[in-house]
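The next block holds one structure in the form of C-alpha cells; read it before the comments.
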Amino acid sequence: MARRFTVVAVLAGLACAGPAFAADAWPSKPVVLIVPFPAGGGTDTFARPLAQQLSAQLGQTVVVDNRGGAGGTVGAAIAARAAPDGYTFFMGSAHHAIAPSFYKGLSYDIEKDFIPVTVVAQPPQVIVASPAASFKDLKGMVAYARSNSGKLNFGSAGNGTTHHLAGELFKLQSKTDMAHVPYTGAGPMLLALMGDQVNVAFDGLGSSAQHIRSGKIKAIAVAAPQRSAAFPDIPTATEAGLPGYEVSTWYGIFAPKGTPKEAVDRMGAELRKALDSPELKKTWLANGSDTPRYTQPEFASYLQSEVQRWRKVSQDAGVKAD
C-alpha cells in the first residue's frame, strides 16, 4: 500500500510539474501568419516586412500565408479553425469589423473566436482617383458626382471591405450617388484604377503610397483628422470640403481562441519590439502609418467599437452581401 501511494504521488507530481506549453521553447518551428487577402494589397504592405522582422527576432521563419476571398472572411474562417497551438496567427483588419453586419451566416465570430493581440498598423484611408479623372480635388469630385448621378464609379477590394464601406460612408456624407465595383483585393482594384477601369477608390494609404508617388494615381484627400507626415501635400477631407469624413484602415494580429497565454504574451512582446525597430518605423512612415500602442484589452475594446460603428454605416447605407 505504501509503495502504491508513493508511485501515485510521484506520477501526480510529474503531471503537475509538466507544463502544457513550453513557453521557453516557443517557437520551435515556423510560425504561420494568415493574411486574408491576395498578395499586393494593403495587408501585405505591412504583413511581409513585419514577418521578416519577427523571423529575425524569433529565430524561426514567420510564413505569410495569403488566403483571399469574400472580403477577408475566407482567410478569417481558416484562421478560426486552425489549431490553437501558438503556431498560427491571423492578420485581421478593419474589414473584419465590418463583416459581422454585412455577411450573414459567418462561420466564425471575430470577437469570440479569436484573441486580439495588438494593432500593428493604422494608416488612414485616402481618396484616390484615376489619372484620367477630370477633377483634381475633392470639391471637383463631389461636384462631378452630383451633376453626373450614378456615372462615377468607385472600386473596392471586395464587398464588405473598408474600401466598400468607406465609399458608402462618403456617399452618405457628401450626398452623392456612385456605383460600386468590387474586386478580389486591393491589388486588382489598384490595377483597375491605374488603367482607368474605375474612376476613384477609397484605399488604405499603405497600399496606395507607392502609386501616388509614381503618379500612377491621383491623391484627392486623406480621411484623417490631420495630414499624413509621409504625404504633407495631401489635404484632409475636412480641409478639402467634407468635414468629419474619417476612416482608418487598421491591421491587427489575432490568435485562434484557445492559444496558450504564454504564446500570445510572447508574440505580443515580440510585436512591440518589432514595431520599435528602426526598419519598421521607417517602412511604416513611408506607408503613412504611425506606430500604434495598444494593449490586449485596448485592442479588444477598439474592435468592439469598430464593429458597432460599421454596423450603423451598413444600416444607414442599406448595403448587404450580394
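A few points about this structure:
- Cross-chain or 6+ apart pairs with Cβ under 8 Å, the range 237-250 first and more than 19 Å from Asp203 (Cβ to Cβ), then at pLDDT 95 or above and polar (S, T, N, Q): Gly244/Gln173; Gly244/Thr238
- Search result, residues across the range 198-210 that are open to solvent by 10 Å² or more (accessible area, probe 1.4 Å) and touching a residue at least 40 places away in the same chain (Cβ under 8 Å): Asn199
- Matching residues, the range 265-310, being out of contact with any Pro (no Cβ under 8 Å at 6 or more places or on another chain), open to solvent by 30 Å² or more (accessible area, probe 1.4 Å) and touching a residue at least 40 places away in the same chain (Cβ under 8 Å): Arg266, Arg272, Lys273, Leu285, Ala286, Asp290, Tyr294, Thr295, Tyr302, Gln304, Arg309
- Exclusive hit being assigned to a loop (DSSP other than H, G, I, E, B) and either over 23 Å from Pro124 (Cβ atoms) or free of Cβ contacts under 8 Å to residues at least 60 places away in the same chain (or both), set Asp24, Asp65, Asp85: Asp85
- In the range 213-245, the residues that are open to solvent by 70 Å² or more (accessible area, probe 1.4 Å), at pLDDT 95 or above and touching a helix residue (DSSP H, G or I) at 6+ places or on another chain (Cβ under 7 Å): Lys216
- With respect to (1) in contact with a Phe, Trp or Tyr (Cβ under 8 Å, 6 or more places away or on another chain); (2) open to solvent by 20 Å² or more (accessible area, probe 1.4 Å); (3) modelled with pLDDT of 85 or more, the lone exception for Ser55 is condition (1).
- Every condition in (1) open to solvent by 40 Å² or more (accessible area, probe 1.4 Å); (2) outside any helix (DSSP H, G or I); (3) at pLDDT 80 or above; (4) not aliphatic (A, V, I, L, M) is met by Phe37 except one, and the failing one is (1).
- On inspection, Ala70 passes the criterion of being at pLDDT below 95, more than 20 Å from Ser289 (Cβ to Cβ) and open to solvent by 30 Å² or more (accessible area, probe 1.4 Å).
The values are calculated or read from the model by the stated rules, or taken from the named source; none is laboratory data. A quick note: this is a predicted structure, and the numbers were derived from the prediction, not measured. Cβ atoms come from the backbone with ideal geometry, glycine included; neighbour counts cover every protein chain shown. These area figures cover heavy atoms from the full protein model, side chains too; ligands, DNA and RNA do not enter into them. Shrake-Rupley method; radii C 1.70, N 1.55, O 1.52, S 1.80 Å.
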